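To keep things clear, I will list the structure first and then write my remarks on it.
The values are calculated or read from the model by the stated rules, or taken from the named source; none is laboratory data. Keep in mind the model is a prediction, meaning the values are calculated, not measured. When we count neighbours, we look across all protein chains shown, and the Cβ atoms used for this are built from the backbone with ideal geometry, even at glycine.
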Amino acid sequence: MMPALLSVIIAFAIFAGAGIEVVLTNLSVVGRSVDSQQAFNIAEAGLNYYLWHLNHNSTDYKDGLTTPATPDAALGYGPYTHNYIDKNGSISGTYTLWVKAPTTGSTVVTVRSIGQAAGTKIKRTVQAQIGSPSFASYGVVSDSSLWFGSTETADGPVHSNQGIRMDGTNTSTASSASTTYVPSTAYGGDGSSKNGVWCNTSVTTPVDCASRTKSDWVYPVTSIDFNQVSNSLCTIKKVALAAYAATSAIAGQANACTQVPSTRTNTYLPQRSTTFNLTKGYLIQLNANGTYDLSYVNAENDLATNYSTALTLQSVATNIAIPAAGVIYAEDNVWVRTNPNFKGRVTVAAGRLSSSSSSTYANIVIADQMLYSTKNGTDAIGLVAQDAVIMAPYGLPRTGSFDFEVDAAVLTQSGEVWYPGVYRSDSNRCTRGWANSNQRLIFYGSVATRQTWTWSWLDGSSQCGDAALVSGTGYVSGPVTNVTQYDYNLKYSPPPSYPITAGYNFLSWREVLTKP
């Protein structure tokens, strides 16, 4: 029996040893998992700390220090190591930060945080883009009501401070600052109260109002403050003034934004005259080599057929370098086009900030096509107007098949973003319309408007000026076939110094995988 008993004892010892080994291994794995999760949580705490830091000091990328003088090319300034204190007041680990400053004109800061639990060698790394959301974070954002027709698509996030009638497809969130509102007839209302985002139950195609998904309709949410745009115009003007020695002294003065220097630089264009005139200002032509041509606009006849015949021009300078600051500020009206496309990043702003009367606010007119050389975020055009951004009636081809494209992020402080329904030269005459499906306006970018946003108008059942007859609809001004597409690159990389809507927040987040 002894050999048999010894065999049982030996087998039991082997199984017991194996069981103990499994238990110890599991304990080790669990311990490492706990340490790894703790390191991850500490790394996240580092990101939250720097988010707090930026909201209190938006231009400090050195963690309150002065070193290093030169950032690491890939990671930025750092390393900055902090103890992580738990709720019991004990040091439970450390996080090490690297902070990469934003590029010129951007607000996006890249922060990398490396967390390590106390008493271990385990590290976890997380990285985030922290920035101030800009008005270019939306496909369309408006301080007034919005109405997307059944054949229109709301591409990208859309928001209204009043309410949205959403009869068409929406590809992202549709939000309203109102729980309910009473839309006017111009925005699809019938006099009754509607939800902050709603659709008309009579609409069944191409999207059925009754059965469509409404989970991405969000209301009420915090309203977007368009009053901030006036401060942003002031900021852009200061950036433009500070960029050149001839005007830099003005930029630091308390009343810098209401001053009207007469010196023209690459970044600052003075008032043409103290007397305001809607038909006078500047034509800025953005070139494919990253420069711009500048002309005086001495008169405009918007009944003409193209920008070259509509505008009375006087050349000022050609191939002006786009400034490093990335902004061009005009103290007057601006007409803008590209030739034939634009390579670079620039924000064109127009405002007469010394004026207290809205009747003398400056406009930006899209006089012709505006095209990026690429659509990968490398190129960006921002248009920020004190009053309105106007699609000129003479911009689109008069006849024939065409795809007329505008690539830009546009924003108005107090006015509209629109194709006008009547001519400026003759307010009793409806503007030109295009009824054919092969005559398309393509807008690629972002729209932010204080008031109305539209690319076409339904003029009624009787002929009105140059409006086009659409069978079964009536006479229409503007292109019946129009497409508004959101440039998603603008969310993380808006045009230089583009106005922001709120304080710093996380724009994107990811874990950076490292070797074991």
* Is there a residue in segment 221-236 that is surrounded by fewer than 18 Cβ atoms within 10 Å (Cβ to Cβ) and at positive phi? -> no
* Taking segment 319-346 on its own, how many of its residues are surrounded by fewer than 24 Cβ atoms within 10 Å (Cβ to Cβ), in contact with a Ser or Thr (Cβ under 7 Å, 6 or more places away or on another chain) and part of a strand (DSSP E or B)? -> 3
* Filter pass, Leu313 being in the same structural domain as Gly344 (by TED's automatic domain parsing), surrounded by 19 or more Cβ atoms within 10 Å (Cβ to Cβ) and not in a loop (DSSP other than H, G, I, E, B) -> no
* Within the group Ser58, Ser90, which residue is hydroxyl-bearing (Ser, Thr, Tyr), surrounded by fewer than 17 Cβ atoms within 10 Å (Cβ to Cβ) and farther than 30 Å from Gln228 by Cβ? -> Ser90
* Asked: If you check Val512 against the conditions, is it surrounded by 21 or more Cβ atoms within 10 Å (Cβ to Cβ), of a type outside the set (Asp, Glu) and modelled with pLDDT of 90 or more?
  -> no
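When you scan segment 439-458, do you find a residue that is in a loop (DSSP other than H, G, I, E, B), among the hydrophobic types (A, V, I, L, M, F, W, C) and over 22 Å from Ala349 (Cα atoms), even just one?
Scanning segment 439-458 turns up no residue that is in a loop (DSSP other than H, G, I, E, B), among the hydrophobic types (A, V, I, L, M, F, W, C) and over 22 Å from Ala349 (Cα atoms).
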* In the list Thr153, Thr110, Thr120, Thr125, which residue meets the criterion of being surrounded by fewer than 22 Cβ atoms within 10 Å (Cβ to Cβ), more than 30 Å from Gly93 (Cβ to Cβ) and not charged (D, E, K, R)? -> Thr153
* **Among the candidates Thr205, Thr213, Thr235, Thr222, residue that is modelled with pLDDT under 95, part of a helix (DSSP H, G or I) and of a type in the set (Ser, Thr, Tyr)** => Thr235
* If we scan segment 429-436, do we find a residue that is in contact (Cβ under 8 Å) with a residue 60 or more places away in the chain and among the aliphatic types (A, V, I, L, M)? -> no
* Determine which single condition Asn436 fails, assuming it passes every other condition in (1) part of a loop (DSSP other than H, G, I, E, B); (2) under 28 Å from Lys491 (Cα atoms). => (2)
* Odd one out for Thr305, checked against (1) touching a residue at least 24 places away in the same chain (Cβ under 8 Å); (2) buried (at least 17 other Cβ atoms within 10 Å of the Cβ); (3) out of contact with any Asp or Glu (no Cβ under 7 Å at 6 or more places or on another chain) -> (2)
* To do: Could you list, in sequence order, all residues of segment 367-416 that are surrounded by fewer than 21 Cβ atoms within 10 Å (Cβ to Cβ), among the acidic types (Asp, Glu) and assigned to a loop (DSSP other than H, G, I, E, B)?
  => none
* segment 238-263: number of residues that are outside any helix (DSSP H, G or I) and of a type outside the set (Ser, Thr, Tyr) -> 8
* Among residues of segment 1-55, those that are surrounded by 13 or more Cβ atoms within 10 Å (Cβ to Cβ) and at pLDDT below 70, counted -> 0
* Structure fact -> Of the candidates Ser142, Ser193, the one satisfying the condition of being within 26 Å of Ala409 (Cα to Cα) and either hydroxyl-bearing (Ser, Thr, Tyr) or touching a Lys or Arg at 6+ places or on another chain (Cβ under 6 Å) (or both) is Ser142
* Asked: Residues in segment 433-445: is at least one among the basic types (Lys, Arg) and either buried (at least 21 other Cβ atoms within 10 Å of the Cβ) or out of contact with any strand residue (DSSP E or B) (no Cβ under 9 Å at 6 or more places or on another chain) (or both)?
  -> no
